Amino acid sequence: MLKQSLQLKLSQKLSPQQIQLMKLIQLPTQAFEQRLKEEMVENPALESGKEEDNFENDEYENDDYDEFDDYDNERIDADDINIDEYLSNDETPDYKLQANNYGDDEDRTMPFAAPVSFHQDLINQLNTFILTEDEREIAEFLVGSIDDMGYIRRSIPDIVDDMAFTQGIYTDEKNVERILHIIHELEPAGVGARDLQECLLLQLKHKTPTESVDLAIDILENQFDAFTKKHYDKLLQKYGISQDQLKKTIDEIEKLNPKPGGAFTGNQKMVEHVVPDFSIKIVDGELELTLNGRNAPELHVSKDYQEMMQTYKSSKEKSNAQKEAVQFIKQKLDSAKWFIDAIRQRQETLFVTMNAIMHYQQEYFLEGDETKLKPMILKDIADMVGLDISTVSRVANSKYVETPYGTKLIKEFFSEAMKNDQGEDVSTLEIKKILQNVIEDEDKSKPLPDDQLADILKEKGYPIARRTIAKYREQLDIPVARMRKKI
């Protein structure tokens with residue numbers, strides 16, 4: 001038998017408006033501007049700029065419109081509604097009279113330069129070589145096997161098998177190797193290499209022969225393992241050269257590009273331009289915080305749409321088509337009003353949160369000394385401003401602040417606390433900065449291992465373990481002592 005039961009359950013759920021607000025708060029300036037443009041396109045009742053007349057946005061919220069609450073809230077597409085058919089206003093709307101500033105020759109088509117891709121550039125270079133039809137097919141297949149960094153990561157036997165099964169090209173490994181040497185003649189130098197060693201050697205062989213270049217080729221061909229592990233003493237003994245000669249040779253190798261494909265301008269990824277969301281200045285010894293004006297756009301509800309509501313209100317006869325169309329208008333007006341309120345709330349949330357961070361780290365912002373940064377977690381700021389920790393996290397995420405000492409990522413000001421030798425809480429950022437300074441000042445011919453770095457920091461009043469030193473060093477992207485060694 002089926003058993004029926006009734007359960008009562010209390011739960012808290014965010015409304016769609018609250019979810020949208022949280023998403024708006026999380027957006028940095030550039031992404032927020034893009035979101036604003038999208039909303040302006042989707043909602044014609046939302047307009048930018050200052051209002052010409054003072055009118056209440058709530059004017060249309062009237063008892064006369066309670067009848068709309070019984071209608072289905074399914075969204076009506078604006079393209080399906082012809083306002084002119086039922087509104088008494090015969091004037092042409094302003095938006096139909098606005099130009100796009102294209103000038104008199106707006107119909108003129110503008111040519112665009114089509115960038116040549118990395119692989120297409122290599123194919124174009126192959127046209128300068130005299131190849132048979134079979135050789136060209138193999139060469140083009142090899143070019144297609146080159147990744148964005150300029151390497152062929154597959155073995156020659158795999159390439160031979162792949163050409164046979166997928167392209168119907170039957171050849172042998174010796175022939176593919178021969179064609180691969182032609183690929184190695186293409187620019188940029190090093191393209192088509194199968195590993196880093198071959199890539200560096202190809203670039204060196206393109207250089208004008210000198211004593212340092214010849215020695216570099218010999219080292220990479222015969223002592224590559226010793227070179228990568230920086231066993232310089234072994235190289236000095238092997239070749240019977242001076243430290244100055246070895247240093248010049250190493251300089252030649254360090255000038256080479258380990259990723260030749262990345263040097264191709266058409267293959268580079270776009271570098272994101274950082275737009276500071278906040279600005280902190282020191283004025284008469286006091287900190288002054290400002291929010292980027294691009295986060296505070298001037299928006300208002302369309303007057304034309306509100307006038308449409310008034311026209312409907314004053315009309316004596318109201319058809320079903322009019323009611324449905326005006327229901328659509330009311331939805332757009334409600335959405336525009338909410339979006340404007342959400343932007344204002346976003347501005348306030350961003351400002352009060354960053355203001356709390358600024359005052360919490362006041363000593364740093366006044367002096368610029370990173371060792372002055374205090375331990376600070378999300379809860380510290382959340383308690384100061386009375387917001388949820390998740391909201392503070394959204395404000396700090398992917399946002400930047402312009403300071404007198406450069407543009408900083410806000411979340412970098414947050415750090416855990418550790419005890420120094422006096423039992424005081426200090427920021428892990430302070431310890432990392434001191435560790436970085438110690439490594440920068442070390443003798444590069446005898447770099448300090450992690451246990452010695454731990455001893456030095458202990459002498460400075462920061463008793464931390466060697467494993468913690470290794471963790472902080474990795475976070476700072478600093479290699480181990482052996483890899484920091486220089487001649």
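The set of residues in region 395-410 being hydroxyl-bearing (Ser, Thr, Tyr), within 16 Å of the chain's Cα centre (by Cα) and surrounded by 18 or more Cβ atoms within 10 Å (Cβ to Cβ) consists of Tyr400 alone. Of all residues in region 411-468, those being touching a Lys or Arg at 6+ places or on another chain (Cβ under 9 Å), free of Cβ contacts under 8 Å to residues at least 40 places away in the same chain, buried (at least 19 other Cβ atoms within 10 Å of the Cβ) and farther than 20 Å from Arg482 by Cα number 0. In contact with a Leu (Cβ under 7 Å, 6 or more places away or on another chain) and either open to solvent by 10 Å² or more (accessible area, probe 1.4 Å) or at pLDDT 90 or above (or both): is that true of Val176 in this structure? So Val176 fails the test. Looking at Val283, Val301, which one is open to solvent by 40 Å² or more (accessible area, probe 1.4 Å) and either at pLDDT 80 or above or under 24 Å from Met40 (Cβ atoms) (or both)? Residue meeting the stated conditions: Val283. For the residues Ile357, Ile340, the requirement of being in contact (Cβ under 8 Å) with a residue 40 or more places away in the chain, β-branched (Val, Ile, Thr) and either under 23 Å from Glu298 (Cβ atoms) or out of contact with any strand residue (DSSP E or B) (no Cβ under 9 Å at 6 or more places or on another chain) (or both) singles out Ile340. Taken over region 190-224, the residue count meeting the criterion of being farther than 25 Å from Ile146 by Cα, assigned to a helix (DSSP H, G or I) and not small (Gly, Ala, Ser) is 7. With the structure loaded, tell me whether Arg484 is out of contact with any helix residue (DSSP H, G or I) (no Cβ under 6 Å at 6 or more places or on another chain) and either at pLDDT below 90 or open to solvent by less than 30 Å² (accessible area, probe 1.4 Å) (or both) or whether it fails that test. The answer is yes for Arg484. Here Gly386 passes the criteria (1) exposed (fewer than 12 other Cβ atoms within 10 Å of the Cβ); (2) modelled with pLDDT of 90 or more; (3) over 30 Å from Met354 (Cβ atoms) except the one numbered (3).
The values are calculated or read from the model by the stated rules, or taken from the named source; none is laboratory data. No experiment lies behind these values; they were computed from the predicted model shown. We place every Cβ from the backbone using ideal geometry, glycine too, and count neighbours over all the protein chains shown. Note: areas computed on protein heavy atoms with side chains; ligands, DNA, RNA excluded. Shrake-Rupley method; radii C 1.70, N 1.55, O 1.52, S 1.80 Å.
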